[in-house]
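Visitor: Dropping a structure here in structure tokens format, bear with me for questions.
The values are calculated or read from the model by the stated rules, or taken from the named source; none is laboratory data. Please read these numbers as outputs of a predicted model, since none were measured by experiment. Here Cβ is always computed from backbone atoms with ideal geometry, including for glycine, and neighbour counts include all displayed protein chains.
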């Protein structure tokens, strides 16, 4: 320390950090502690191509009993590095098991969000282009080793307004919407199939690449199939509630209204669990 | 319709929207339907100045019983327009009551997020500048007219790493962090006081305006007061759990680590309700 | 400093910060130095109501000649605090003049972005609701005291695809779009009038509040008025180039396509200056 | 069309879209028209591993002469699909050449932004973890086939405040910062080397994975190496201006201040071109 420092300001008593009065670290359990917003390249299972490379945003947490002051943050990154080349629904359990063990924790949590791409065929021309869907794997393992895994997908859709069609001489306002579905499930399933179910429940699907004849097709399909956000979530909830592989679901649909600067929104969550 | 249209593409059977097979709108209740992401100027209560002008991002929903196909989206905007000049915790209940009535709904929900400004004095120079805190009012009224209101605040703080201080000859890494607190409460309280509680639970507070003598003060205060994210959430949870005006709380702290490109994170939720 | 510190790690030579070899601060001029992403409540001029309260995101910079190591960041906040209750195009020059003086700088820059609200009447029912438009004031004053001021607005619009209308038996895909216009001007003008010009150059305008008869109107108006993004930017560029109060403009239009998950985009910048 | 439509609202004259008065598409050239915000998986060159998989956000545009009403948006997606597995600085020119040809355009533009990962060794423990850097390739080819290519990188760094160190008895505030560099260059270079140059010009580098001994190292290194944002941009500008492979550069540094809720910012752009 050099000697030319400015003189110390005398801290007013009320401003001095009263360290002695701080809560003892030994009395309060922490539900989740860990690392958040890690961007990491991963390799995930792909129904049609075996595997797919993508980039995930990842959070990893463990519980922290009251007798420990802090956790070991660097171990999360080590675990992530070891498993990043082989991510699938089937691996979330083993990753969480290992996290509990290496962090000496009772419970562990992982949240991964990543874009997933499907090579999609245009409806008439059959031209192909990659469509992006956002996926989430949110897993928690409790102190008994019981895994709770929620899978989420975000699917862009087209919706065409039934009211606008009904009252207008020509045309009907339509727009891009976004459906976000979360499920708990019993047996492994492909997210491709869940995406398919959502896309079939809209006025029309959205594509990366459409030629002229495809544009005619999607315009007319949407017009023949008007749906409110209410209709979209009901349609999807109907299908999910009749598929007994899904033990729980939540469905939300958001229309980026073409006639407003805000969204129309609807949400249904299953009552069973 | 003009006659020069291109001939209709024959839709492959699997692609035609199977409207008849759509779920009947008359069988599934919708939990929430309404408008989302409305940007609206509002006037809120201010402890020190009476009122304060700000701009909110607002969502408003009602439930929709299975016998109704759709809700009346424009009525949300009408209700919002009428109440925007007089927003406070005390008014959320009446707004939801009116929403239930005018939308003929059993339950109603409102979510408002807005920046709130406090004219804050620097610790030594007493120079003043406006600090921004993000506030949330999330209210739900159920079919019995019971109001559940959760108030949230986001408070920027400074944290200085105890481990780094301990192991290093000089200095200690520190960073901006963000504390997000949600509470349920019994009697009206000022968000200014909750913000104060959070700011007193960090290594140091954050300011809009600091002169040289203030910068010396905050540097030394943070150094004398090292805290992990774990310490921050425990400190705040300790204070909230000892204030019996708060019937429930959730506290999370996120450090935008100066030595990493990801965050350190901790979360505690109260068990009582 | 306590005595229980861990022993110092010997830094490998290549890793030690080579301070002596750092560039001398005395040789390189800095174009802009200052504060960024300050959230601040401001009061702006309003054509219909005199003034309007809003919240801005603000950046303020000055140049820094090579002979100075650093600038005085707190002075920007002081200037901002003094002027925040009276912001208008006419005040940007005086604010920059004062910034140059108080920071001892040759040039000064300010960038303000804020939501601006207009109470807009629905086309048929005349119901009213507040529409949000994002505004930018970007001002620079050079070493000769010459002010360069660019005003920007972001206007949501509806566009209906001419191709889709032409080739489809019924309907036409449409969507929300966003027009962003920047202008340099000669005499003071109201941003309300520039917004009006943009809204008149789309398939249809967007509203906060529409009743049933309004929805019929906007649906039919958009259908009768199909426009590509190309048409929108040309239409606006045409009007701006024929208004000799605008000495320069840049216009971009982005469609959040209802049939794709990406945007269609077009951009025109005036050649004169 | 069914016969139960509501009667047409008579449009007030001022509200009817005056299509005849619209600007003729045949008089105004469009600078850029195309597709924006396409998310696409790509494979890029990697100095250490040959290639790397990542996900890019991509914009592609061409000019549109006044005699054409619209461009062919789907062709951009086709070109992108064909080239996505082999992206490098060397390929931007050929992609733009092909874009001009297939879109019958004089000029073409591509903007790609993607996370790029480098397996980085901790300074003492040599533990490894992947660090994310955001890269941009922005290329334009004009009507003479001349390519202008700007490469950008965003590099997270640690900065420690010289003023805070100087005036304080102990400690010094520090924080995560972000450096964004853009360059034009003569011969091919590796972005890894440009990242290295930036990381060597900060108080300390940022890492994905640090063990205890590394944390001591980075804390002490930053403390021994205090730098303002002004110092950081000057240091980088100094190095870039002395490397004659770079014909132009712009450097900005933004500190996410640990003592404020806003950023400190500095910017230098080279005068030569």
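Visitor: Test each condition in (1) farther than 17 Å from residue D:223 by Cα; (2) within 14 Å of chain D (Cβ to nearest Cβ); (3) part of a loop (DSSP other than H, G, I, E, B) for residue B:171 and report the one that comes out false.
Guide: It fails just one condition, (1).
Visitor: Of the residues in region B:24-59, how many are in a strand (DSSP E or B), closer than 25 Å to residue C:41 by Cβ and more than 13 Å from chain C (Cβ to nearest Cβ)?
Guide: 4
Visitor: Modelled with pLDDT of 95 or more, more than 9 Å from every other protein chain (Cβ to nearest Cβ) and not in a loop (DSSP other than H, G, I, E, B), is that true of residue C:234?
Guide: It is false that residue C:234 is modelled with pLDDT of 95 or more, more than 9 Å from every other protein chain (Cβ to nearest Cβ) and not in a loop (DSSP other than H, G, I, E, B).
Visitor: State all residues of region D:154-168 that are in a loop (DSSP other than H, G, I, E, B) and in contact with a strand residue (DSSP E or B) (Cβ under 9 Å, 6 or more places away or on another chain); if no residue qualifies, say none.
Guide: Result: D:161, single match.
Visitor: Follow-up. Condition check: out of contact with any strand residue (DSSP E or B) (no Cβ under 7 Å at 6 or more places or on another chain) and in the same structural domain as residue A:163 (by TED's automatic domain parsing). Does residue A:216 satisfy that?
Guide: Against the criterion (out of contact with any strand residue (DSSP E or B) (no Cβ under 7 Å at 6 or more places or on another chain) and in the same structural domain as residue A:163 (by TED's automatic domain parsing)), residue A:216 qualifies.
Visitor: Would you tally the residues in region B:237-273 being more than 7 Å from chain A (Cβ to nearest Cβ) and outside any loop (DSSP other than H, G, I, E, B)?
Guide: Looking only at that region, the number is 12.
Visitor: Right, here's the next one. Quick check, is residue C:191 under 30 Å from residue B:79 (Cβ atoms), away from chain A (no Cβ under 14 Å), surrounded by 20 or more Cβ atoms within 10 Å (Cβ to Cβ) and touching a helix residue (DSSP H, G or I) at 6+ places or on another chain (Cβ under 9 Å)?
Guide: Yes.
Visitor: Another one. In region A:69-96, which residues are more than 14 Å from chain D (Cβ to nearest Cβ) and touching a residue at least 24 places away in the same chain (Cβ under 8 Å)?
Guide: A:69, A:86, A:88, A:89, A:90, A:92, A:93, A:95, A:96
Visitor: Look through B:127, B:105 and report the one residue that is closer than 25 Å to residue C:215 by Cα and either within 14 Å of another protein chain (Cβ to nearest Cβ) or exposed (fewer than 15 other Cβ atoms within 10 Å of the Cβ) (or both).
Guide: Within the list B:127, B:105, the selection yields B:105.
Visitor: Something else about it: Could you list, in sequence order, all residues of region A:234-262 that are within 15 Å of residue A:161 (Cβ to Cβ) and either surrounded by fewer than 19 Cβ atoms within 10 Å (Cβ to Cβ) or under 20 Å from the mean Cα position of the chain (by Cα) (or both)?
Guide: Scanning region A:234-262 gives A:253, A:254, A:255, A:256.
Visitor: Shifting gears a bit: Taking the stated definitions as given, is residue A:260 within 30 Å of residue D:34 (Cβ to Cβ) and free of Cβ contacts under 8 Å to residues at least 24 places away in the same chain?
Guide: Criteria met by residue A:260.
Visitor: Here is a follow-up. Could you check, for region D:143-160, whether at least one of its residues is within 14 Å of chain B (Cβ to nearest Cβ), buried (at least 18 other Cβ atoms within 10 Å of the Cβ) and at positive phi?
Guide: Looking through region D:143-160, none of the residues is within 14 Å of chain B (Cβ to nearest Cβ), buried (at least 18 other Cβ atoms within 10 Å of the Cβ) and at positive phi.
Visitor: Right, something else. Look at residue D:198 and say whether it is more than 7 Å from every other protein chain (Cβ to nearest Cβ), within 30 Å of residue A:74 (Cα to Cα) and in contact (Cβ under 8 Å) with a residue 12 or more places away in the chain.
Guide: It is true that residue D:198 is more than 7 Å from every other protein chain (Cβ to nearest Cβ), within 30 Å of residue A:74 (Cα to Cα) and in contact (Cβ under 8 Å) with a residue 12 or more places away in the chain.
Table: residues versus (1) over 21 Å from the mean Cα position of the chain (by Cα); (2) modelled with pLDDT of 95 or more.
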site: D:58; (1), (2): no, yes
site: D:62; (1), (2): no, yes
site: D:68; (1), (2): yes, no
site: D:71; (1), (2): yes, no
site: D:90; (1), (2): no, no
site: D:96; (1), (2): no, yes
site: D:109; (1), (2): no, yes
site: D:117; (1), (2): no, yes
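Visitor: Looking only at region B:175-198, decide whether some residue is outside any strand (DSSP E or B), under 25 Å from the mean Cα position of the chain (by Cα), within 26 Å of residue D:177 (Cβ to Cβ) and modelled with pLDDT of 95 or more.
Guide: The answer is yes; a qualifying residue exists.
Visitor: What tally of residues in region D:209-229 results from selecting those that are more than 27 Å from residue D:249 (Cβ to Cβ) and not in a helix (DSSP H, G or I)?
Guide: So the answer is 4.
Visitor: Oh, and also: Test residue A:134 against the criterion of being within 13 Å of another protein chain (Cβ to nearest Cβ), assigned to a strand (DSSP E or B) and surrounded by fewer than 19 Cβ atoms within 10 Å (Cβ to Cβ), and give yes or no.
Guide: The answer is yes for residue A:134.
Visitor: Taking residue A:182 and the conditions (1) under 16 Å from residue A:114 (Cα atoms); (2) buried (at least 21 other Cβ atoms within 10 Å of the Cβ), which numbered condition does it fall short on, given that it satisfies the others?
Guide: The single condition residue A:182 does not satisfy is (2).
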